[in-house]
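Participant: Please see the structure below; I have some questions.
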Amino acid sequence: MRSDILFTFFLFARFSTPAKAADVPTVQLGKTTLTGSAFLNSEFYGGIPYAEPPVGNLMFKPPVPLRGLSSPTFDASHFGAICLQPGEAASSEDCLTINVFKPAGLTKDVKLPVLAFIHGAGFIATSSAKFNATAIMEQSISRGTPIIYVSFNYRLGPLGFPTGREAAASNALNLGLKDQLVALQWIQDNIAVFNGDKSKVTVFGESAGAMSITVHQLNPNFKNLARAMILESGGAASGHAFPPSRGQVDWDNFAKAVPECANCKENVISCLRRANSTDLRNAITTSWTQSKDGFPFMPVLDGPHGLLPELPSGLIAKGKFARLPFIAGANLDEGTFLTPPTVNSTADIEAVLMSNYTTPNVPSTQLKAAVSELMKLYPDNPALGSPFNTGNETFSLILNGKDLGDIWFQSQRRALMQAAAKFGVKTYGYLLTDPGALPISTPNIGPANRAALGVTHTADLLYIYGLNAAFGRPESAQALGVQMIDYWVSFTNNLDPNDGRGSARPMWSQYSSKNQKIIELTSVNMSMIPDNYRARQIDFINSHGAVFSH
């Protein structure tokens, strides 16, 4: 399971470097001249540091914004190092860099909307370098609504999301989220020199990226960093929102796997600061594989003055969030990708839920009762399970995963949109169901079983990054990808996906309390549909936010 996840998160590695042209573009950033690279109709500037390197004494501390580059010139023609993570020998602790794609040949007076991407991968893997925005950029230019695209790295795993008692006492929680905020502030301070309009920043992300954004928007001041959001497959508590004490075992497993710190009982953070990169990387891998749910280091509840002061469901229900316009959606079969292959019955899923959601704050009897009731709403019937629309057909890999997908993704998307509509926030919803999402190759899953995943988690990324053709998806999927990019670019420009430019595509209606409809993104009869699928089940999940740590 973990190797499959890593492969999918690294899908875009072969497309990570923009193709260079003869001309070498430059930008003046403060006292430093950045030298970028040119490709097609765009320019690229990458690997620009936005914070002091979080190494030595700055490791396990909040990021320190970088107030300017020290050299007169800087080579920004390539992406920076990726953050320390499993499976990447070249990953580094010194990784807090930002990248900018912009149209070529702009005069100084031009100011364009900005689309800023926060990558996903479970807060443990991948980097901004894995996502090449060439297709998005070129399409924005060709349709006459050019944009600036920005992406950046943030600390991952135990270096970005320390957990446990010592991390809580040391103000070392949610460091990766704090990195993101510093990067977004860098955009506010510097994007003008790249022809960007700092008042028109749309922040978008997928999976952990979308989760990050929905955590940030729980702070009303987030409106100072963005004017809109696009949330792909992720809510503030997708997976869970636990207190840091619940992650003590995972933190201990990480520390014990570092040779220098294996026997350290106190001041573990001080010991870890002295460890070398190789030992840290190996320890991250070890603690990840030892984790019972595969996601040991994630955002945690960090108290009254923190980024995640209480369960998101409570804050959202009370309207305590930045009321920014947004697009939010999910894929049809989100749960199949993250459901362990050994889980192939309702009894198995019940055991997973009991294991994953047992916390000191929720009595086990209350959780057991809720899980038992939930199982009645999701009967052990393949015809009703995920992957959906496959009838009674069963698969040797995964029987279902429907309720896990609803708990992690579908329920949170719906709850946020319903709350936003209640408070008058402009929002648009989607469900990606395109059958063209199926034929992607995945390790350890043969062609006969590939349909077992359905339109699963991460399926949307190839559409948004224009990579369907490169991965052998049909022309129908490629055409839908063009339409989706047009929706995203239109929203970035106008806060409305329906600007009438580019590809022909259906009108995407705004979501409201009286018109709870979302668009079904598919190459087969794309249209607006009622947002009422599995209403009883999802309503039950959303009515038990505390039980499921939402």
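Participant: Exposed loop sites here are chymotrypsin sites (Phe, Trp or Tyr not before Pro) in DSSP loop states with at most 14 other C-beta atoms within 10 Å. What is the longest stretch of the chain lacking them?
Facilitator: Details: sites that count: 423, 471.
It works out to 1-422.
Participant: What is the ratio of the Cα radius of gyration of the stretch 170-283 to 2.2 N^0.38 Å, where N is its residue count, to two decimals?
Facilitator: Details: Rg = 18.0 Å, N = 114, 2.2 N^0.38 = 13.3 Å.
It is 1.35.
Participant: Checking the table 108/426; 320/422; 223/318; 108/223; 292/320 against a 21 Å threshold on Cα-Cα, which pairs fail?
Facilitator: Numbers: 108/426 32 Å; 320/422 12 Å; 223/318 18 Å; 108/223 26 Å; 292/320 33 Å.
Beyond 21 Å: 108/426; 108/223; 292/320.
Participant: Then there's this: Could you tell me whether the stretch 51-111 comes out rounded, prolate or oblate from its Cα gyration tensor? Rule is a ≥ b ≥ c as square roots of the eigenvalues, rounded for a/c under 1.5, then prolate if a/b exceeds b/c, otherwise oblate. Could you put the intermediate results ahead of the total?
Facilitator: On the way: a/c = 2.56, a/b = 1.69, b/c = 1.52.
In terms of gyration-tensor shape, prolate.
Participant: Next up: Would you mind pulling out the separation of the Cα centroids of the stretch 298-358 and the stretch 198-276, in Å?
Facilitator: 14 Å
Participant: Near residue 178, which aspartates and glutamates are there with a Cα under 15 Å away, not counting those fewer than 8 places off in the same chain?
Facilitator: Within the straight-line limit of under 15 Å, residue 178 reaches these aspartates and glutamates: 52, 302.
Participant: So, one more: Under unit Cβ charges (Lys, Arg +1; Asp, Glu -1), what dipole magnitude, rounded to 20 debye, does the chain have relative to its Cα centre?
Facilitator: Details: 43 positive and 42 negative charges, 226 e Å.
Dipole about the Cα centre, nearest 20: 1080 debye.
Participant: OK, next. Please compute the length gained on full extension between residue 532 and residue 373, using 0.36 nm multiplied by the number of residues separating them and subtracting their Cα-Cα distance.
Facilitator: Numbers: separation 159, 0.36 × 159 = 57.24 nm, distance 1.99 nm.
Taking 0.36 nm per residue and subtracting the Cα distance, the gain is 55.3 nm.
Participant: With unit charges on the beta carbons (Lys and Arg positive, Asp and Glu negative) and the dipole taken about the Cα centre of the chain, which residue among 532, 494, 36 sits farthest to the positive side?
Facilitator: 494
Participant: Among DSSP beta bridges whose residues both lie in the chain, state the antiparallel percentage, nearest 5. Display every interim value, and only then the final one.
Facilitator: Details: 24 of 57 bridges.
That works out to approximately 40 percent antiparallel.
Participant: Oh, and also: For the stretch 249-301, what is the convex hull volume of its Cα atoms per residue in Å³? Before the final figure, lay out the partial values.
Facilitator: Values: hull volume 4.7 nm³, N = 53.
So the per-residue Cα hull volume is 89 Å³.
Participant: Only helical DSSP H runs with n ≥ 4 go in: add -39500 (n - 2.57) per run for the chain, normalise by residue count and round the 222 nm mean residue ellipticity to 500 deg cm²/dmol.
Facilitator: Details: 19 runs with 171 residues, N = 550.
It lands at -9000 deg cm²/dmol.
Participant: In a solvent-free Debye calculation with one equal scatterer on each Cα, what is log10 I(q)/I(0) for the stretch 224-373 at q = 0.09, 0.12 Å⁻¹, listed in the order of the q values?
Facilitator: -0.41, -0.73
Participant: Another question about this same structure. If you plug each phi of the stretch 422-428 into the Karplus form 6.51 cos²θ - 1.76 cosθ + 1.60 with θ = phi - 60°, what whole-Hz ³J(HN,Hα) values come out, in order, with x for Gly and Pro?
Facilitator: With coefficients 6.51, -1.76 and 1.60, one gets 4, 9, x, 7, 6, 8, 10 Hz.
Participant: Hand me the trypsin sites (Lys or Arg not before Pro) from the stretch 457-550 located in a DSSP loop with no more than 15 other Cβ atoms within 10 Å, in residue order please.
Facilitator: Details: sites: 501, 514, 517, 534, 536; in loops: 501, 514, 534.
Those satisfying the criteria are 501, 514.
Participant: Can you tell me the convex hull volume per residue for the chain, based on C-alpha atoms, in Å³ to the nearest whole number?
Facilitator: Cα-based convex hull of the chain, divided per residue, equals 138 Å³.
Participant: Further question on the same structure: For the stretch 259-267, what does the Karplus curve 6.51 cos²θ - 1.76 cosθ + 1.60, with θ = phi - 60°, yield as ³J(HN,Hα) per residue in whole Hz, taken in order and with x for Gly and Pro?
Facilitator: Working through the residues one at a time gives x, 5, 10, 4, 10, 7, 9, 9, 6 Hz.
FYI, it's all coordinate maths here, none of it is from the lab. Being a predicted model, the structure only gives us computed values, none of them experimental. Every residue, glycine among them, receives a Cβ derived from its backbone with ideal geometry; neighbour counts consider all protein chains shown.
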